[in-house]
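Here the structure comes first, spelled out in structure tokens, and everything after it is commentary.
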Amino acid sequence: MKKGYVIKRILYSVFILFVVTTLNFFIPRIGVDDPAERYYPPQGNMSDAEYEVIKQLTREEYGFDVSTPEQYLNYLGDVAQGDFGTSFRSGNPAVTGLIADRLPWTLTLSATTLVLGLIGGILFGVFAATKRGRWQDTTLLNMSTIMTALPAFFIALILSFYLGFEFEIFPAYTNPNLVGDFSFSLDGLQMLARNAALPIISMSFGSIIGYAQTTRNAVIAVTNEDYIVTARAKGLPQRSIRYKHTLRNSLLPIVTSLGFSIGGLLGGQVVIEQIFNWHGMGTLFLEANEMNDYPLMMAIMLLLSAFTILAILVTDLVYVLLDPRVTVGEKR
Amino acid sequence: MKKRQDALHIRIKRQMKRRIQGLVYFIKRLWAHPKGKIGLSVVTFLVLVALFAPIIAPFDPYDITERAEKGLSPRLQHPLGTTINTGQDIFSMLVYGTRVSLVVGITSGLSIAMVGAILGVTSGYIGGFVDNLIMRAVDVLLVIPSLPLVIVLTNVLGRDYWIIILIFVFLGWGGLARTIRSLVLVIKNSNYVRAAELAGASRWRIMIKHILPGTSHLLIMSTALSTAGIMVAEAGLSFLGLGDPTAISWGRMLAQAQEGGALLFGAWWWIIAPGIGIFLAVFSFMRIGIVLEEILNPKMQASAGIFKIFKSLDSSYVEKVFDSMDEEDRQKTGAVAPQPSAHSWEDV
């Protein structure tokens, strides 16, 4: 029964990915008859005849000289083979290579933030739940509203101002030589850690508070369950109840919230990367936006969406595996 | 003819009166709550600031002739100093920025509630193919990272504020529609809807007259919360320099501060000021949303998972509200209501 669900879930994810890919194909074509006009907008000092020639060249270069359905099929085929076209940058590098260059840098930030957020959030959340209703708990509640009202980019600016410029504890901007000089040695890793510190700290605040809030609510919900009351009545030590019985069961909502938060994390990181000039996909995306580099932009969008779909798929499946009570085959 | 018109008039008047009474009731309940009082007063204050910006602000930040010396620190004439690169009065910019934030936030919040309600009710009540289509669209919208998508769409469609509002609405209705749909699935089976169906009321009449009012508390709540969410998103967009380039907004002030070297020259007032603006606006709307949640559903204690709504404009916390209402409903009617699970794509 579970096997059928898993297969269904995977097929549905593929379907969603397909819809997203289709959207990706059509977004640059909104509002123009000819995608060449989008890729190469008319410049002020160009005569109509000249522009017509340029359009023709653009069409040939990017394969727009066939009908739209054919272009769509070509696009799907290319994407399926991992070919996202060529960028508008000088030398027309392949989009895939550009992204592959930036991906590890972006993932370094997001993975560290995620791990920090989960560890800090779960610890803080359990702590707040055990102190339910007391000042430690209300502090968490108040902090979570405050943190949502303070955008991460504002925190990043403040941190870069005080820790970066005033007290010079961490570099306020990423060292431009970081990428070139980086090696897997002690020095290299140390340099990476110093440069990544501020971006990670500024994103972790929100992450920790968010997971803490989820954990706190989940733990409190579980605490009222009968089996916890039973465990307490049996006289089990407080410690064992808290970690073996309560926390384990309250992990489920955290796992489900993880899938969606990964997408939010990657998307939100664009701003943070821009502030610290981090050599990641966020800055690549903004550079592409400035140059109207559609192939690159759409490829990054597709990749981020694919990440989110994968994350949601994995968390959903893990949820099913974690919770023996979920009998997926028989619902409704 | 005259009589008929009069009757219509009276009916409209009565309805209006009822609406206004409902609103007054809401505001009274909000005001009675200590946290609601803070939120409500701050929002009122911000609305007044936005309305009377030209009177409150000592200078007109849009007027290039009203520029002072560059990079002044806070002083009597310039309570928050001036900018380093243009010499604009930061306090005046802050006051004018309120307009952008509130207009974009509230318009998008209201429109999201409207679109979410229409699509959610249609999806839940009509069901079948329409339902499937709308729900699949929601699934797609929720997996595309919103900030990059907003950036691409502004690149394609332009950066006027009304376009940005449209984009926010287009991206934001998903979570709400899904929540409303699950609520409608419960209401659909209630006796009064059955009675209306038996009496031969049309689908539209049932949807508008009988089902929509049952979802109003969710709508009011989500309007406050999505307004807060949109205001942060707008600030982020303007901060990246991708908002309306002609308007002074808090996000753009922060961007100018970063570009103009506020960090380098130690002009802390230039960074703090717009930050406080964003904070106040978002905080007060969220407070109102949380308090409404407590008032409308006393079972939900405090702010469960508010955070999530924010991160991906995903209203999973409203789902929890709905879960508890569903529970209540089942106990009351004994009807078997569909069990909403924590899964996002449970009904594949």
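The values are calculated or read from the model by the stated rules, or taken from the named source; none is laboratory data. Since the structure is predicted, the reported quantities are computational estimates derived from the model, not experimental observations. So basically every Cβ, Gly included, is an ideal-geometry build from the backbone, and we count neighbours across all protein chains shown. Note: areas computed on protein heavy atoms with side chains; ligands, DNA, RNA excluded. Shrake-Rupley method; radii C 1.70, N 1.55, O 1.52, S 1.80 Å.
Between B:LEU212, B:ALA235, B:PRO145, the Cα set farthest toward the positive side of the dipole of segment B:145-246 (charges on each charged residue's Cβ, about the Cα centre) is that of B:LEU212.
Quick check: residue separation of A:LEU186 and A:ALA49 times 0.36 nm, minus the Cα distance between them. What number comes out in nm? Display every interim value, and only then the final one.
Details: separation 137, 0.36 × 137 = 49.32 nm, distance 5.98 nm.
So the extension gain works out to 43.3 nm.
Is the C-alpha gyration tensor of segment A:34-83 telling us rounded, prolate or oblate? Criteria: a/c under 1.5 is rounded; beyond that, a/b larger than b/c is prolate, otherwise oblate. Prolate, because a/c is 1.5 or more and a/b exceeds b/c. Computed from the C-beta positions of A:ALA80 and B:LEU166, the FRET efficiency with R₀ = 25 Å rounds to 0.15.
By how many nm would the segment from A:ARG89 to A:GLU166 grow when fully extended, if each residue of separation counts as 0.36 nm and the alpha-carbon distance is taken off? Intermediate values should be presented prior to the final figure.
Numbers: separation 77, 0.36 × 77 = 27.72 nm, distance 3.71 nm.
Contour length minus Cα-Cα distance gives 24.0 nm.
For the options A:ALA80, A:ALA111, A:ALA288, a Gaussian network treatment of chain A with springs between C-alpha atoms closer than 10 Å singles out A:ALA80 as fluctuating the most.
Summarising the label geometry, the points placed 7 Å from Cα in the beta-carbon direction at A:GLN136 and B:ARG11 lie 6.2 nm from one another.
Converting phi to 3J(HN,Hα) with the Karplus coefficients 6.51, -1.76 and 1.60 and the offset θ = phi - 60°, segment A:151-164 yields x, 4, 5, 5, 4, 4, 5, 4, 4, 5, 6, 7, 6, x Hz in sequence order, with x at every glycine or proline.
Taken over the alpha carbons of segment A:33-166 as equal point scatterers, the Debye sum produces base-10 log I(q)/I(0) values at 0.09, 0.10, 0.20 Å⁻¹ of -0.61, -0.69, -1.22.
Placing dummy labels 7 Å off each Cα toward the beta-carbon, the span from B:LYS37 to B:PHE52 is 2.3 nm.
Taking each pair of different alpha-carbon atoms in segment B:47-159 once, compute 1/r for the pair, average those values, and report the inverse of that mean as the Kirkwood hydrodynamic radius in Å to one decimal. Provide the component values of the computation, followed by the final result.
On the way: mean 1/r = 0.0561 Å⁻¹.
Kirkwood hydrodynamic radius for segment B:47-159: 17.8 Å.
Secondary-structure-derived ellipticity at 222 nm for chain A, considering helices only, amounts to -24000 deg cm²/dmol, per-run term -39500 (n - 2.57) for DSSP H runs with n ≥ 4. Relative to the Cα centre, the charge distribution of the protein assembly as shown, modelled as +1 at Lys and Arg Cβ and -1 at Asp and Glu Cβ, gives a dipole magnitude of about 4240 debye.
Given +1 at the Cβ of Lys and Arg, -1 at the Cβ of Asp and Glu and no other charges, the dipole of segment A:101-322 around its Cα centre is 1460 debye to the nearest 20. Here the 3J(HN,Hα) profile of segment A:275-287, calculated from phi with Karplus coefficients 6.51, -1.76 and 1.60 at θ = phi - 60°, is 4, 8, 6, 6, 7, x, 6, x, 5, 4, 5, 5, 4 Hz, Gly and Pro shown as x. Taking GluC sites (Glu not before Pro) in DSSP loop conformation with at most 14 other Cβ atoms inside 10 Å as exposed sites, chain A has its longest uninterrupted site-free stretch at A:1-167.
What's the average, rounded to a whole number, of partner chain beta-carbon atoms within 10 Å of each residue's beta-carbon in A:256-268? Shielding by partners across A:256-268 averages 6. When B:VAL282, A:VAL314, A:VAL79, A:VAL66 are compared by accessible area at a 1.4 angstrom probe, the order from most to least is A:VAL314, A:VAL66, A:VAL79, B:VAL282. Placing A:VAL320, A:VAL14 in order of accessible area, with the largest value first and a 1.4 Å probe, yields A:VAL14, A:VAL320. Distance between the modelled labels on A:MET291 and A:THR96, one decimal in nanometres: 1.9 nm (7 Å Cα→Cβ projection). Could you pull out the pairs from B:LYS3/B:LYS188; A:LYS2/A:LYS244; A:LYS8/B:LYS188; B:LYS3/B:LYS209; B:LYS35/B:LYS209 whose alpha carbons sit more than 31 Å apart here? Beyond 31 Å between Cα atoms: B:LYS3/B:LYS188; B:LYS35/B:LYS209.
Annotation for the A:B interface, with buried accessible surface near 5500 Å², both sides summed [1.4 Å probe; non-protein components not counted].
Computed over the protein assembly as shown, the convex hull of the alpha-carbon atoms projects to a mean area of 38.3 nm².
Its Cα centre serving as origin, segment A:34-83 has a Cβ charge dipole (Lys and Arg +1, Asp and Glu -1) of approximately 120 debye. Extents of chain A, largest first, come to 87, 60, 38 Å (Cα atoms, principal axes, whole angstrom).
Measuring nothing but how far apart in sequence close Cα pairs (under 8 Å, 6+ apart) lie, relative to its length, chain A scores a relative contact order of 26 percent. Extension gain for the segment A:VAL6 to A:ASP34, taken as residue separation times 0.36 nm less the Cα-Cα distance, is 5.9 nm to one decimal.
Kindly sort B:LYS37, A:LYS3, B:LYS17 by accessible area of their heavy atoms, largest first, with the probe set to 1.4 Å.
A:LYS3, B:LYS17, B:LYS37
GNM on chain A, alpha-carbon springs under 10 angstrom: the most fluctuating residue among A:ASN195, A:ASN142, A:ASN289 is A:ASN142.
Scalar couplings 3J(HN,Hα) for segment B:36-48, obtained by applying the Karplus form with A = 6.51, B = -1.76, C = 1.60 to θ = phi - 60°, are x, 4, 4, x, 5, 5, 5, 4, 4, 4, 5, 4, 4 Hz; x denotes Gly and Pro.
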